[in-house]
Amino acid sequence: MADAVLFEFLHTEMVAELWAHDPDPGPGGQNMNLSVLESVGFRVGQALGERLPREMLAFREELDVLKFLCKDLWLAIFQKQMDSLRTNHQGTYVLQDNSFPLLLPMAAGLQYLEEAPKFLAFTCGLLRGALCTLGIESVVTASVAALPGCKFQVVIQNS
Amino acid sequence: MGSQWLFTLTYGALVTQLCKDYENDEDVNKQLDKMGYNIGVRLIEDFLARSNVGRCHDFRETADVIAKVAFKMYLGITPSITNWSPAGDEFSLILENNPLVDFVELPDNHSSLIYSNLLCGVLRGALEMVQMAVEAKFVQDTLKGDGVTEIRMRFIRRIEDNLPAGEE
């Protein structure tokens, strides 16, 4: 449905809005804005997690949860699955999307690389929020080597 | 679960964040309108590409397209069109259900907040790109206890292309 497009437009505008307060915030300012985007995403991820059917949540292992995020969650939200999932089996996972929809509007090419973190912060929060609702505390970061591909790194926090 | 929830939930989280960022509801309303406008001026291209509707010849056709095509396409609802002014320059969109507010309750200290104000900005921005200056505003809101949600649309003027100086 076209409402996926509506979300993408809203996301782009949110990124623009949170920077508009201070067009040149400097390094400290930028981090604050990224964390605001991340926390908005976190709230959405939590809420999404709460709406999952209970039977979907009979995960036996942590890896099953991450697979769920890569397949079912990603498919529901972005109409595609994550392209790869790797882990060191010690609580660190790398989720790779070779064509991340929220990066697609940006021109492919290295010149826009420094803008990429703004477009990833919300989704990092979303992953962290969904994991939180599923009982897993984590730190999620993202990196871009070549647009529109990116990697999300999930590090599970042991309680 | 799906992308409709994603939009609704994200919108809710955004409004919550704006209420933290701004001191009063009026400023949040303005910000939502502005953001909506920025979305609208780009959304119109997406809409025209998907829908294949031709040029609207009058405001009545415009109303039909907004309610039956645009709202249906993006929000999955078809508002009804009522209360035409005698001059045909104003009408109301009545939303029995507003999908934006599915999980929302307004806290007591935000009685002036126009929660869905983004929609007014979107309508204004999109129509401006097709040469129509309009005003859109909420006159009823289920979040405030009204039975329905009503958006009043008013045609202000046609936007003519500006001619270069020196030409008639």
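The values are calculated or read from the model by the stated rules, or taken from the named source; none is laboratory data. Predicted model, so just to flag it, every value in this text is computed and none were measured. All Cβ positions, glycine included, derive from the backbone under ideal geometry; neighbour counts span all protein chains shown.
Annotations
- The requirement of being surrounded by fewer than 18 Cβ atoms within 10 Å (Cβ to Cβ), within 14 Å of B:Leu119 (Cα to Cα), of a type outside the set (Lys, Arg) and away from chain A (no Cβ under 14 Å) is not satisfied by B:Ile66.
- Residue check for B:Val53: assigned to a helix (DSSP H, G or I), among the β-branched types (Val, Ile, Thr) and more than 10 Å from chain A (Cβ to nearest Cβ): no
- Residue in segment A:101-111 that is modelled with pLDDT of 90 or more and among the polar types (S, T, N, Q) present: no
- Flag for B:Ile151 being outside any loop (DSSP other than H, G, I, E, B), on the phi < 0 side of the Ramachandran plot, buried (at least 17 other Cβ atoms within 10 Å of the Cβ) and not polar (S, T, N, Q): yes
- Of all residues in segment A:8-61, those satisfying the criterion of being surrounded by fewer than 18 Cβ atoms within 10 Å (Cβ to Cβ), at pLDDT 75 or above and among the charged types (D, E, K, R) are A:Glu50, A:Arg51, A:Glu61.
- Qualifying residue in segment B:83-91 (condition: touching a Leu at 6+ places or on another chain (Cβ under 9 Å), at pLDDT 90 or above and outside any loop (DSSP other than H, G, I, E, B)): no
- Residues that are surrounded by fewer than 18 Cβ atoms within 10 Å (Cβ to Cβ) and polar (S, T, N, Q) were ranked within segment B:113-141; the one that is nearest to B:Asp89 (Cα to Cα) is B:Gln131.
- If only residues of segment B:122-156 that are among the small types (Gly, Ala, Ser) and modelled with pLDDT of 95 or more are counted, the one that is nearest to B:Gly54 (Cα to Cα) is B:Ala126.
- Matching entry among B:Arg42, B:Arg60 (being within 14 Å of chain A (Cβ to nearest Cβ) and either surrounded by fewer than 19 Cβ atoms within 10 Å (Cβ to Cβ) or of a type outside the set (Ser, Thr, Tyr) (or both)): B:Arg42
- The listed residues are A:Val155, A:Val140, and the only one of them that is touching a Cys at 6+ places or on another chain (Cβ under 6 Å) and either of a type in the set (D, E, K, R) or at pLDDT 95 or above (or both) turns out to be A:Val140.
- Some residue of segment B:48-64 being closer than 19 Å to A:Glu13 by Cβ and of a type in the set (Phe, Trp, Tyr): no
- Look at segment B:40-54: where a residue is without any contact (Cβ under 8 Å) to a residue 60 or more places away in the chain and a partner is of a type in the set (A, V, I, L, M) and part of a loop (DSSP other than H, G, I, E, B), sitting 6+ places away or on another chain with Cβ atoms under 8 Å, you get B:Asp46/A:Ala2; B:Arg50/A:Ala2.
- Single residue of segment B:1-33 satisfying the filter (over 19 Å from B:Tyr74 (Cβ atoms) and not in a helix (DSSP H, G or I)) that is nearest to the other protein chains (Cβ to nearest Cβ): B:Tyr22
- Residue check for B:Ser116: in contact with a strand residue (DSSP E or B) (Cβ under 9 Å, 6 or more places away or on another chain), of a type in the set (S, T, N, Q), away from chain A (no Cβ under 14 Å) and within 21 Å of B:Tyr37 (Cα to Cα): no
- Residue that is surrounded by the fewest Cβ atoms within 10 Å (Cβ to Cβ), among those in segment B:71-94 that are touching a residue at least 24 places away in the same chain (Cβ under 8 Å), of a type in the set (A, V, I, L, M) and touching a helix residue (DSSP H, G or I) at 6+ places or on another chain (Cβ under 7 Å): B:Met73
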